[in-house]
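Shown next, in C-alpha cells, is the structure this report addresses.
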Amino acid sequence: LPISGNGLIIDVSRMKKVNIDRATNAAAIQPGITGGELYDLLSKEGLTQVGGTCADVGISGLVLTGGIGPLLRKHGLTCDTLLEFELVNAKGEILHVTKDNEYKDLFWACRGGGGGNFGVVTSLVLQLYPAKKVTWFNIGWDWNQPVEEVIMTWQRLFANNDPKWFSHIDIWSKAFPMEKLKKAPLKVLGVYYGTPEEAKKDLAPFLKIGTPQEQTIELVDWVKIIKGFEDATAVFLTNQPEYKSTGAYAMQPLPKEAIDIIVETLKKSTSPLLNVLLFSMGGASADIAPTDSAYFYRKAIFFLDYSSQWLNPDGDKKHLAELDELRSKLLAYTEGNYVGNPDQSFKDYLSIYYGENAARLRCIKRKYDPNNLFRFEQGIPPAASDCE
C-alpha cells in the first residue's frame, strides 16, 4: 500500500493459515489472522491461545508487542508463548528465529519490541493450551453507588497475584449514557479458573456493595469469554469516532489519593465516553525478569488504560487535553505505557515503552536494520554507533 512520500505499508491481513501440531499443542500461524478468528478456529480443536480480549486485533501485533489477556497470570503474556518465527529482514532474507539459534537477540527483541521494527514477520509458532471451560463474571453498578469502595475492593482482591484470577475494572464517566447503551458505567469483570460456586465466595464482597445492576457468574467456553469482554467494555457510538487511548502501569497498589483523582475526573467530566480501564497483571507474566525479554514492565500489578471518544472533530483539543491531564496527574503513582497502546504525544517514547531495555533494542536495530528501512512514527531507531 503506497503512502505519501517515499514509503510503503506492508499489509499481511490476508495471511491467515494455521497449522496445528497436536503432538506438541503448538501451531504455526500466519500473521494476518485476528485474535477472534484464532480463538474460534482453536476452539473447534479443544484448544485456546494466550491471546487478548479484543477479537479484531491481529495476532502478530499482539505477540510482538507483548500481549495482555485473560491467561497472563496462568501462562504469561502472549509473547511468552512464542516458540519461533520467520522474518524477512531489510536485505530481503528470510530468517528462522528461535531463542537458542544465531538470531536469539532478535528473538529477545521481538518479545515486546518487534512490532514493525526489525522486519516483516511471515509466520509464528505459538504454544497452545487445552480450552477448558472457566467461570466468567460481570458485576455492574451505576454512579449512585459507592464507586470508591468498588475500586478499593477490586484492588484488594486482584493485587494478590493469584493465578486463578484475571480481571478488569471498567469505569466510565458519570455522563455515560447508561440507559441508551444498556450498560452499567462501572463494572468488575473477568475470569476465574474454577467453578462458579468457588468464585462466588471470593466475589461476595462486591455483591454486598450498594445495589449491583448486573450480576453474572457462570461457567462458559473461551469463545464466549472473549465475546463477554468485548460486549462489556467496547462502546462505540459510530464506526469512525474521534478516539484516543493512552495508559500507564501501576507497580504498587494505588493509594486513596490516586483513586480520588480517577473518581473525581470521571465524576466531573462532561465527556460521556471518557473511560478508565484497569487490568490485573502479575502471575506467570511476572516470572520472567524485566530484562529477559523486550517487554519491560513485568513487575507491574495493574495496567491502566485511559481512553475517550467523541463525535465532533472540533472537540479534539478538549478531549485530548482531558486525557493528558488525567494521565499526568496519575504519574505520581504510575510509570511507562504499553507499546501496544501507543500515544503519539510522548516525546521520550522509547524509555516510556521499553524502560531499561530501550538501549539494547536500539543496538539490535542497528545490527539487523542499520539504515532504518523499517521505520514509522515511534519506531525504534538504530543506535548511533556499533554496540559491544
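Quick look at the numbers
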| item | result |
| --- | --- |
| Pick from the stretch 119-142, criterion part of a loop (DSSP other than H, G, I, E, B) and open to solvent by less than 30 Å² (accessible area, probe 1.4 Å), ranking: farthest from Glu197 (Cα to Cα) | Gly119 |
| Tally of residues being out of contact with any Gly (no Cβ under 6 Å at 6 or more places or on another chain), open to solvent by less than 30 Å² (accessible area, probe 1.4 Å) and in contact (Cβ under 8 Å) with a residue 40 or more places away in the chain across the stretch 7-52 | 11 |
| Tally of residues being surrounded by 16 or more Cβ atoms within 10 Å (Cβ to Cβ), of a type outside the set (Asp, Glu) and either out of contact with any Lys or Arg (no Cβ under 6 Å at 6 or more places or on another chain) or free of Cβ contacts under 8 Å to residues at least 24 places away in the same chain (or both) across the stretch 153-166 | 8 |
| Only one of Arg111, Arg73 that is farther than 30 Å from Lys367 by Cβ and surrounded by 15 or more Cβ atoms within 10 Å (Cβ to Cβ) | Arg73 |
| Residue list for the stretch 350-388, filter: of a type in the set (Lys, Arg), open to solvent by less than 100 Å² (accessible area, probe 1.4 Å) and without any contact (Cβ under 8 Å) to a residue 60 or more places away in the chain | Arg362, Arg366 |
| Flag for Gly92 being open to solvent by less than 20 Å² (accessible area, probe 1.4 Å) and either of a type outside the set (A, V, I, L, M) or touching a Pro at 6+ places or on another chain (Cβ under 7 Å) (or both) | no |
| Criterion: closer than 27 Å to Glu93 by Cα and among the aromatic types (Phe, Trp, Tyr) - qualifying residue of Tyr297, Tyr368, Tyr306 | Tyr368 |
| Some residue of the stretch 174-197 being in contact (Cβ under 8 Å) with a residue 24 or more places away in the chain, assigned to a helix (DSSP H, G or I) and of a type in the set (A, V, I, L, M) | yes |
| Yes/no for Phe229 being within 19 Å of the chain's Cα centre (by Cα) and either buried (at least 16 other Cβ atoms within 10 Å of the Cβ) or modelled with pLDDT of 95 or more (or both) | yes |
| Selection count where residues are free of Cβ contacts under 8 Å to residues at least 60 places away in the same chain and closer than 15 Å to Val88 by Cα, scope the stretch 100-122 | 2 |
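The values are calculated or read from the model by the stated rules, or taken from the named source; none is laboratory data. Note that this is a predicted model, so its numbers are computed, not measured. Counting neighbours? That spans all protein chains shown, and the Cβs are built from the backbone with ideal geometry, glycine included. Quick note on the areas: whole protein, heavy atoms, side chains included, nothing else; ligands and nucleic acids left out. Shrake-Rupley method; radii C 1.70, N 1.55, O 1.52, S 1.80 Å.
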